[in-house]
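Engineer: For reference, the structure I am asking about is given below.
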Amino acid sequence: MKKRLLAAVSAGLCLGGLGTEAMAQSSVTIYGIIDTGVEYLNHTNAAGQGKLRTLPLTGLLPSRIGFKGVEDLGGGLRAFFNLESGFVPTTGGMGQGNRLFGRQSNVGLMDPTWGTFTLGRQYNMTAISLIAADIMGPANHGLSNMDSYLPNTRSDNALGYMNKIGNTTVGATYSFGRDTSAAGGPAATNCAGENAADAQACRQWTALIKYDTATWGVATAYDTLRGGAGAGNLLTSSNYKDNRASFNGWFKVGDLKIGGGLIARHLQRAVDINYNLWYLGASYALTPQWQVEGQVAHLDTRNSPDDSTLGTARAIYFLSKRTSLYASYAYIKNRGNAAIAVSSGSTVGVGQNQSSVMAGIRHTF
């Protein structure tokens, strides 16, 4: 349950110069998710050996604890902040490159007419564009396995803007240094930017336009990341760029929802590489307690036989509004020299197919 903490402390005791009337218009919310389970995978190495493990990253949704606050400034204008920390429930370790508030750390202003302005570490437009159409979401058996950037679609040192006009939403972000963590891996690529000697190093911009009704919607987004000296993910120069264009849509018929789309990636280096990631999924509520979902994703590496296809099926049982049990099965087929694992944070032998079965529990508060 979300806990609403009213800021009822007297101005004379906590914030000089602010009256108690102003304080009564502000609030802070504490919220979170704890999600983990157990999984078995085969073909985790060249010898084809399997293993049983606890989930290191996520089951259905990544675990987190967050704090958010809003203050009414009058005339419809509000100030806000978001602090959100990701963690690994099986070990207690920090996520997002060992950042304290790696999921979000930002402050801003929102106005019903002029929209929302945000400054700090924040989700970018690629993340927002996928929310409605990606049925699996940021799950252990989702699109994240096909493109490790997708669960890390956040930007450090960023300015953000978003506005909704009727059914249409537009938004953009611009980062002066997209990733300051050097911890390694796709969530910490050592690209701090803000370099006087190289103004283009580690810059990033994203843009979004989407249209949603109660029963259907479409979205498109564009995302450009620049590299920098010493950065990871093959972007070791500010002359290198990683571009993604996302196109997707979804619709509902009763309790059935179908969503799908395309993410086209163009990695500009000494030798350019192009990928197309296609996905199509469906979700159906069998009863108020039972929900079944499935999705197929295909990663096509242009002018190469190194392609992969991932199929996922899962069932969710809601014990309450806040607690659910789930089970999921996934199978990935790797062609050529592809070595994409079926599960987040795992490995697979080159060119080998792999399957995974997992079960877990999710609790929100």
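The values are calculated or read from the model by the stated rules, or taken from the named source; none is laboratory data. Just so it is clear, the model here is predicted, and its values are computed rather than measured. Cβ coordinates were reconstructed from backbone atoms using ideal geometry, including for glycine residues, and neighbour counts include every protein chain displayed. Please note that ligands, DNA and RNA were not included when accessible areas were found on the heavy atoms of the full protein model with its side chains. Shrake-Rupley method; radii C 1.70, N 1.55, O 1.52, S 1.80 Å.
Engineer: State which residue is most open to solvent (accessible area, probe 1.4 Å) when the search covers only segment 91-114 and only residues that are in a strand (DSSP E or B) and either modelled with pLDDT under 95 or closer than 20 Å to Leu57 by Cα (or both).
Structural biologist: From segment 91-114, those in a strand (DSSP E or B) are 93-94, 104-111; that's our starting set.
Within this subset, residues satisfying the condition of being either modelled with pLDDT under 95 or closer than 20 Å to Leu57 by Cα (or both) are 93-94, 104.
On the way: Gly93: 25, Met94: 75, Gln104: 27 Å².
Among those residues, the one meeting the criterion is Met94.
Engineer: Look through Gly260, Gly228 and report the one residue that is small (Gly, Ala, Ser) and either open to solvent by 70 Å² or more (accessible area, probe 1.4 Å) or part of a loop (DSSP other than H, G, I, E, B) (or both). Spell out how you get there, then give the answer.
Structural biologist: Numbers: Gly260 fails: either open to solvent by 70 Å² or more (accessible area, probe 1.4 Å) or part of a loop (DSSP other than H, G, I, E, B) (or both).
Answer to the check: Gly228.
Engineer: Counting only residues that are closer than 19 Å to Leu52 by Cβ, assigned to a strand (DSSP E or B) and either open to solvent by less than 60 Å² (accessible area, probe 1.4 Å) or touching a Gly at 6+ places or on another chain (Cβ under 7 Å) (or both), how many does segment 323-365 have?
Structural biologist: The qualifying residues number 13.
Engineer: I would also like to ask the following. Conditions: (1) open to solvent by 70 Å² or more (accessible area, probe 1.4 Å); (2) modelled with pLDDT of 95 or more. Asp300 meets all but one. Number of the miss?
Structural biologist: Evaluating Asp300 over (1) open to solvent by 70 Å² or more (accessible area, probe 1.4 Å); (2) modelled with pLDDT of 95 or more leaves (1) as the failure.
Engineer: Restricting to segment 115-126, name every residue that is surrounded by 19 or more Cβ atoms within 10 Å (Cβ to Cβ) and under 20 Å from Phe67 (Cβ atoms).
Structural biologist: Here is the first cut: in segment 115-126, the ones surrounded by 19 or more Cβ atoms within 10 Å (Cβ to Cβ) are 118, 120-126.
Residues satisfying the conditions are Thr118, Gly120, Arg121, Gln122, Tyr123.
Engineer: Can I ask one more? Tally time: how many residues in segment 62-90 are open to solvent by less than 50 Å² (accessible area, probe 1.4 Å), in a loop (DSSP other than H, G, I, E, B) and closer than 26 Å to Asp134 by Cβ?
Structural biologist: 2
Engineer: Moving on. Taking only pairs six or more apart or across chains, which ones have beta-carbon atoms under 7 Å, a first residue in segment 242-263 that is more than 28 Å from Ala231 (Cα to Cα) and among the acidic types (Asp, Glu), and a second residue that is open to solvent by 50 Å² or more (accessible area, probe 1.4 Å) and modelled with pLDDT of 95 or more?
Structural biologist: Once the first residue is more than 28 Å from Ala231 (Cα to Cα) and among the acidic types (Asp, Glu) and sits in segment 242-263, its partners that are open to solvent by 50 Å² or more (accessible area, probe 1.4 Å) and modelled with pLDDT of 95 or more give Asp255/Tyr284.
Engineer: Now for a different question. Take segment 36-60 and flag every residue that is open to solvent by less than 20 Å² (accessible area, probe 1.4 Å), touching a Phe, Trp or Tyr at 6+ places or on another chain (Cβ under 9 Å) and of a type outside the set (Gly, Ala, Ser).
Structural biologist: Hit for segment 36-60 is Leu60, nothing else.
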